[in-house]
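Heads up, the thing below is written out as structure tokens.
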Amino acid sequence: MNSAAQAHAQRNRGTIFVENGELISVEEFPGKQFIMRVRAPKCAAAAKPGSFVHLTCDDRLLMRRPLSIMRVEDDCIEILYKIVGNGLRWLSAKQPGQTISVLGPIGQAFKPSSERPNTLLIGGGVGIPPMVFLADSLRQDTTSWNPLAILGSELPFPFAERASDIAAPWVDDQICATMPLLEDWGIACRLATLSGFDGCFNGYVTDLADLWLSSLSNDELQKTELFSCGPTPMLKAVAALADKYNLPCQVSLEEFMACAVGGCAGCAVRIRTPDGDAMQRVCVDGPVFDAASVVW
């Protein structure tokens, strides 16, 4: 193995921790959605927007479950998930004070370019958490970022949406629903759905994003970059939107995972590289990839 390949293979050493996390709180939302807060100091200290954790759900289940980190505060991480299968059902039944084995943080993070401060964050469903984490990171950075978050869900949103006080002249005034947390951070946000929720855009997140991008001047587009996480069909549409406007775009892919640390390669996807197409692991080579490099 040459030195470059060896460095690539070892780049995750010393960055992934296993610790017994303490469940601090769990909050349930409609649609069997949960926000869980876990005290995991090592993971919290090393986590970056786009990274995820691999959690033990229950003693009855051998395999862990990969879940995106939505927020880091002090020595705690916050995770948003919805019940899919017994593992997450058992996880949702845990009570504050119980211990959860946390493996993480795992994966390559989003890398915003300071040359493109107009950051468009597009999150769908359980792809919302990495966008919240990225927004939190941008607001705490000294760079003058100008983020806009567009979030979509067909289930009720896992927060009590409210009317935004931040102007959005590129969209009809009736499209005013926002995520309160982002609003409190001073970050513009609009919501999209096909479920007819009040104040939300009636359509796909990419349709709403297209409205914003079409309102920008050429100079503004030169300073714009897209970031996204959500189901694969949505990410494919986001990649097409980025191509339409000739904009850089980073996407966080979703795949089934077994080990989540690069050993089993069960989450591999086809990626274009300078040396031709190659299979890369979503867990440690991703989950964040250049959207133009993904073979959809």
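Please go through region 263-288 and give me each residue that is within 20 Å of the chain's Cα centre (by Cα) and farther than 30 Å from Glu220 by Cα, ordered by number.
The first filter runs over region 263-288 and keeps only residues within 20 Å of the chain's Cα centre (by Cα), leaving 267-269, 271, 280-288.
Passing the criteria: Cys267, Ala268, Val269, Gln280, Arg281, Val282, Cys283, Val284, Asp285.
Select from region 239-266 the residues that are under 24 Å from Thr15 (Cβ atoms) and modelled with pLDDT of 95 or more and write down the one among them that is surrounded by the fewest Cβ atoms within 10 Å (Cβ to Cβ). Taking the candidates together, the pick is Leu253.
Conditions (1) crowded, with 19+ Cβ neighbours inside 10 Å; (2) not hydroxyl-bearing (Ser, Thr, Tyr), marked per residue:
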residue: Pro117; (1), (2): no, yes
residue: Ile122; (1), (2): yes, yes
residue: Gly127; (1), (2): yes, yes
residue: Leu134; (1), (2): yes, yes
residue: Thr143; (1), (2): no, no
residue: Pro158; (1), (2): yes, yes
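Kindly indicate whether any position in region 211-228 is in the same structural domain as Phe133 (by TED's automatic domain parsing), of a type in the set (A, V, I, L, M), closer than 12 Å to Ala291 by Cβ and surrounded by 14 or more Cβ atoms within 10 Å (Cβ to Cβ). Checking region 211-228: at least one residue is in the same structural domain as Phe133 (by TED's automatic domain parsing), of a type in the set (A, V, I, L, M), closer than 12 Å to Ala291 by Cβ and surrounded by 14 or more Cβ atoms within 10 Å (Cβ to Cβ). The set of residues in region 172-203 that are touching a residue at least 40 places away in the same chain (Cβ under 8 Å), assigned to a loop (DSSP other than H, G, I, E, B) and crowded, with 16+ Cβ neighbours inside 10 Å comprises Met179, Trp185, Ile187, Phe197. The residue pairs whose first member lies in region 103-122 and is more than 22 Å from Ala209 (Cβ to Cβ), whose second member is assigned to a strand (DSSP E or B) and aromatic (Phe, Trp, Tyr), and whose beta carbons are closer than 6 Å, counting only pairs six or more residues apart or on different chains, are Ile106/Phe52; Gly107/Phe52. Do we have Leu241 as under 13 Å from the mean Cα position of the chain (by Cα) and free of Cβ contacts under 8 Å to residues at least 60 places away in the same chain here? So Leu241 does not fit the description; no.
Among the residues of region 65-76, is there at least one that is assigned to a strand (DSSP E or B), of a type outside the set (S, T, N, Q) and farther than 18 Å from Pro130 by Cα?
Keep residues of region 65-76 that are assigned to a strand (DSSP E or B), which gives 65-73, 76.
With of a type outside the set (S, T, N, Q) added as a condition, the list becomes 65-67, 69-73, 76.
From what is left, the residues that are farther than 18 Å from Pro130 by Cα are none.
Among the residues of region 65-76, not one is assigned to a strand (DSSP E or B), of a type outside the set (S, T, N, Q) and farther than 18 Å from Pro130 by Cα, which makes the answer no.
Reported count of residues in region 53-67, each being over 18 Å from Gly31 (Cα atoms) and touching a strand residue (DSSP E or B) at 6+ places or on another chain (Cβ under 8 Å), is 8. Can you find, within region 80-107, the residue that is surrounded by the most Cβ atoms within 10 Å (Cβ to Cβ) among those that are in contact with a helix residue (DSSP H, G or I) (Cβ under 7 Å, 6 or more places away or on another chain) and closer than 17 Å to Glu27 by Cα? Step by step, filter region 80-107, then rank; the result is Leu80. Against the criterion of being in a helix (DSSP H, G or I), touching a helix residue (DSSP H, G or I) at 6+ places or on another chain (Cβ under 9 Å), at pLDDT 95 or above and not β-branched (Val, Ile, Thr), Ala209 qualifies.
Could you tell me which residue of region 240-262 is farthest from Leu67 (Cα to Cα), considering only residues that are part of a loop (DSSP other than H, G, I, E, B) and small (Gly, Ala, Ser)? Only one residue fits best here, namely Gly262. Each residue in region 33-79 was checked for being basic (Lys, Arg), surrounded by fewer than 18 Cβ atoms within 10 Å (Cβ to Cβ) and modelled with pLDDT of 95 or more, and 1 of them qualify. Just for region 44-91: of the residues that are in contact (Cβ under 8 Å) with a residue 60 or more places away in the chain and charged (D, E, K, R), which one is nearest to Cys249 (Cα to Cα)? So, considering only residues that are in contact (Cβ under 8 Å) with a residue 60 or more places away in the chain and charged (D, E, K, R), the one nearest to Cys249 (Cα to Cα) is Lys48.
Going by what's in this entry, would Gly262 be described as more than 24 Å from Pro169 (Cα to Cα) and free of Cβ contacts under 8 Å to residues at least 12 places away in the same chain? Taking the combined requirement at face value, the residue does not satisfy it.
Only residues that are part of a strand (DSSP E or B) and not polar (S, T, N, Q) were counted across region 86-132, and they come to 11. Against the conditions (1) in contact with a Cys (Cβ under 8 Å, 6 or more places away or on another chain); (2) assigned by TED's automatic domain parsing to the domain that holds Ser25; (3) surrounded by fewer than 16 Cβ atoms within 10 Å (Cβ to Cβ), Ala163 satisfies every one except (2).
The values are calculated or read from the model by the stated rules, or taken from the named source; none is laboratory data. It should be emphasised that the depicted structure is a prediction, and the values quoted were computed from it without experimental measurement. Counting neighbours? That spans all protein chains shown, and the Cβs are built from the backbone with ideal geometry, glycine included.
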